[in-house]
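Everything on this sheet refers to the single structure shown next.
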Amino acid sequence: MKKIWKKLALIAGCVMMMSMFAACGGGKDENTIVFGTNAEFPPFEFVAANGVIGEYDGIDMAIAKNIGDALGKNVKIENMEFDSLLLALENGQVDAVIAGMTIDPERADAVNFSTPYYTAKQVMIVKEDSTIAKAADMADKKIVVIQGYTGESCVKEMKYEYEAFKKGSEAIMELVNGKCDVVVIDSATAKKYVGDNEGLKIVEDAEAFSSEEYGIAVNKKNTELTIRERMAGMWFWRAMSIFTTSAMICAPRLSASLNTKEEAAARLRFSLIAPPPLPFLFCHSTSAKSLLSVKEMV
Ligand code: GLN
């Protein structure tokens, strides 16, 4: 009888320890890549009834799905505030961040970025009858930005006063309702908002706003999802990729680009690798199937 109790206690102990490990890993399983995003950034990520990944849709979601497919893993989306994304990455809550995130030196200090996959710029959204024609015209105007976006840093650098909103959609409502004069935001998202709301237009100022590039962020300590270019010189790895592509049949390099109507063509070049001694896994998004759903969005 005693033996049975001992056995039961042992089993109970094991079960407890296993659940503790599961809790430590945030309940993550090894076959799932958890992507953090902020689904408030159309056409890159937004909530939709039948999204590419559950309720999440958009270009980034298609990319995430394709990365998962290429690596033979499930993909899970953690939707959170844009400001919290890099923190979530650093504390292991998510494996990667895909959120139309601009690669900037400060962020690149904290996390590793993939090869850039989209070139954007900040633009100004104004009412159709606005007199704002260049960034300097914002000087005496009521400016709205979105908290933590690069648009906020740009306006801050210009030393203009502004109000920061948590969501792009809230900022646009402020403009539509005449409570502000201008919203500074990324170009493709601006295009989407202007298309969806009457009476708005986009004003560009290439001199005031330099171009930005989006990248997928991973934790610097994450050896499983590491960006090859940052590991050892871009050109070396480019040359290596050509070699390994032809050499490896089981991990082919899939490359595709989003050819959209206009300049908003998203070039998707991802090169995530598995750590040595595992073979290189090149997953160049994105498949024709997902492209179909994102093509019309840009
Ligand atoms: N590209 C901008 C940034 O990185 C905005 C990104 C976003 O809102 N998802 O700050």
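Rule-based calculations on the coordinates, nothing more; no lab input. Bear in mind that the values here come from a model prediction, so they are computed numbers and not experimental data. As a convention, Cβ positions derive from the backbone with ideal geometry for all residues, glycine included, and neighbour counts pool all protein chains shown.
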Please give the peptides 69-78, 92-101, 40-49 ranked by average Cβ packing (other Cβ atoms within 10 Å per residue), highest first, as a rough proxy for protection.
92-101, 40-49, 69-78
On a C-alpha basis, how far is the centre of the range 83-99 from the centre of the range 135-152 in Å? Whole number, if you could?
26 Å
Simple spin-label estimate for Lys134/Glu204, 7 Å along Cα→Cβ, in nm, reads 1.6 nm
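Grab the Cα-Cα distance for Lys142 and Thr32, subtract it from 0.36 nm times how many residues apart they are, and report the gain in nm with one decimal.
Details: separation 110, 0.36 × 110 = 39.60 nm, distance 4.44 nm.
My answer for the length gained is 35.2 nm.
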Quick one: of Lys73/Lys220; Lys159/Lys201; Lys65/Lys156, which pairs are farther than 31 Å apart, Cα to Cα?
Lys65/Lys156
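Based on the mean of other beta carbon atoms within 10 Å per residue, what is the order of 132-141, 198-207, most packed first? Spell out each step's value before the answer.
Numbers: 132-141: 15.8, 198-207: 13.5.
Result, highest mean first: 132-141, 198-207.
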